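Following: one structure in structure tokens, then a few remarks.
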Amino acid sequence: MSFSKINFFIVDHTPIGGVQRVSCSLIDLFLQNGIDVDYLISQRNNYEKPNFPYSDKVKYINLNCSTKDLEKRLYEQFVKLKIKNLIFSGDNMSVSIALLKAAKSAGVKAIPQYHGSPHAYLDKYISFNDILNKPILFFKYAIAKIFRPFKILKLKKYLLLAEHGLACVSKGSAEEIKKIYKNSPRITKNVFTIYNPSHIDIDSISCDVAAKKKKIVYLSRLEDKHKNSFLIVKSWNEIAYKYPDWELHILGDGSISDKMKDYVIKKKINNVVFHGMVTDIATHLSSSKISILSSNCEGLPTSIVESICYRNAIISTMSNGGIIDLVENEISGLLVPRNDHKAFGRSMERLMTNDALRNQYIEESYKVLQKFTNEKIVLQWKERFNL
């Protein structure tokens, strides 16, 4: 019988999302390695059933409360359930501050898992071209600049409350936080990195690179701002007409899905396939040659880790966060400046037409998977909780 216990909190564990997928995988990994997970607490549930297969060994508690009441409700649950160790999704500032206050009062060792980049919270991703096309965005940009110092202070308050440390899912994100708060040793020494577990068995994947088809895969929520998904169809429009034997496959759905589809129709781009939300990503990754990412920021892009597992060459924007943990430009893939659709199109064309370079990047990027051994991840968490 195990006496090691780590419990979890997620704002909402029911949707399809990277945080939910990672938490589900981490819970399974703990259970497989003798660490009990008794409870997963949520502030709210937007869906009746979760989209990921959370273990039936875990009890799920939905507080169904506002952020205003969260600190009180969490404190009551921590005491009632005798919770001592907790990992929580720490990307929402107000929720995280409420949880850390409740944890301190209840004697809980709570460690936030920071899935994003601090720039996702502090900055507005508005380019000069965005402002030219829509001048009203200048005022949003100006307002964001005015409020940035106040956000820095709120983030600092959160980081100081996280007395047991902040677990970033990438070194890129950790270094960004350390740079912002370089004059606060208490913060910089408390920020560390533990990678996300892989929910797929890397060693069991067998991919015949030579049998792959002329397909490029984009796997993401289709959103503006952080995901910057529209860049994908704009980039593909630059080169698609020259390569009718290649296809762009878009896996995902979101608020700008229709906008992207309308653009493809308007530009008469024939070699694009929109799949919507998919669960069987292995089929698409195993049959494609290139995976692409357009994000402005990513904590650690799971889609890129999975693409590397399936031997796809990687092209990504130089996003904030953890892309640098996965791709070294011109060594293991290509990194393109954000919002430069012409450069992104040229990068796709470069790998589409150069088999040797594409295969070189595939071999180099595969080495990065050594960072994601589940044994190492379990050991790091056990050390953090003194288990």
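Inspect all residues belonging to region 271-281 and state whether any of them is closer than 29 Å to H119 by Cα, open to solvent by 30 Å² or more (accessible area, probe 1.4 Å) and not in a loop (DSSP other than H, G, I, E, B).
no
Under 6 Å by Cβ, and 6 or more places apart or on different chains, what pairs join a residue from region 211-230 that is more than 18 Å from T302 (Cβ to Cβ) with one that is open to solvent by 70 Å² or more (accessible area, probe 1.4 Å) and of a type in the set (D, E)?
Taking only residues 6 or more apart or on different chains, the pairs are K214/D245; K215/E247.
Name the residues in region 99-108 that are open to solvent by 40 Å² or more (accessible area, probe 1.4 Å) and not in a helix (DSSP H, G or I), would you?
Residue satisfying the conditions is G107 alone.
Can you tell me which condition V95 does not meet? The list is (1) out of contact with any helix residue (DSSP H, G or I) (no Cβ under 7 Å at 6 or more places or on another chain); (2) open to solvent by less than 50 Å² (accessible area, probe 1.4 Å); (3) in a helix (DSSP H, G or I); (4) over 19 Å from Y195 (Cα atoms), and all the others hold.
Failing condition for V95: (1).
Identify all residues within region 225-254 that are touching an Asp or Glu at 6+ places or on another chain (Cβ under 6 Å) and loosely packed, with under 15 Cβ neighbours inside 10 Å; write none if there are none.
Selection gives nothing.
Which is more than 21 Å from E223 (Cβ to Cβ), modelled with pLDDT of 85 or more and open to solvent by 100 Å² or more (accessible area, probe 1.4 Å), of I152, I136, I146?
None of the other options fit; the residue is I146.
Check region 109-116 and report whether any residue there is open to solvent by less than 40 Å² (accessible area, probe 1.4 Å), of a type in the set (G, A, S), in contact with a Ser or Thr (Cβ under 8 Å, 6 or more places away or on another chain) and within 25 Å of S295 (Cβ to Cβ).
yes
Filter region 298-313 down to the residues that are in a loop (DSSP other than H, G, I, E, B) and open to solvent by less than 10 Å² (accessible area, probe 1.4 Å) and list them by number. If you could, list the steps in order and put the result at the bottom.
Within region 298-313, the subset in a loop (DSSP other than H, G, I, E, B) is 299-301, 310-312.
Across region 298-313, the qualifying residues are G299, P301, N312.
Suppose we filter I83, I87 for residues that are more than 15 Å from H13 (Cβ to Cβ) and crowded, with 16+ Cβ neighbours inside 10 Å; which single one remains? Lay out the reasoning, then the answer.
Values: I87 fails: more than 15 Å from H13 (Cβ to Cβ).
Answer to the check: I83.
Return the pair list, or none, for Cβ contacts closer than 6 Å from residues in region 268-279 that are without any contact (Cβ under 8 Å) to a residue 12 or more places away in the chain and under 21 Å from P15 (Cα atoms) to residues that are hydrophobic (A, V, I, L, M, F, W, C) and open to solvent by 60 Å² or more (accessible area, probe 1.4 Å), at least 6 apart or on different chains.
Close Cβ pairs satisfying both conditions: none exist.
Name every residue in region 110-136 that is farther than 29 Å from P197 by Cβ and either out of contact with any Lys or Arg (no Cβ under 9 Å at 6 or more places or on another chain) or part of a helix (DSSP H, G or I) (or both), in order of residue number.
F128, N129, D130, I131, L132, N133, K134, P135, I136
Regarding K266, is this residue of a type in the set (K, R), within 23 Å of A343 (Cβ to Cβ) and touching a strand residue (DSSP E or B) at 6+ places or on another chain (Cβ under 7 Å)? I'd like the intermediate steps shown before the answer.
Values: of a type in the set (K, R): yes; within 23 Å of A343 (Cβ to Cβ): yes; touching a strand residue (DSSP E or B) at 6+ places or on another chain (Cβ under 7 Å): no.
So K266 does not fit the description; no.
The values are calculated or read from the model by the stated rules, or taken from the named source; none is laboratory data. This one's a predicted model, so the numbers in the text were calculated from it and none came from an experiment. For neighbour counting, all protein chains shown are included, and Cβ atoms are generated from backbone atoms with ideal geometry for every residue, glycine included. The accessibility values were calculated without ligands, DNA or RNA, using every heavy atom of the protein model including side chains. Shrake-Rupley method; radii C 1.70, N 1.55, O 1.52, S 1.80 Å.
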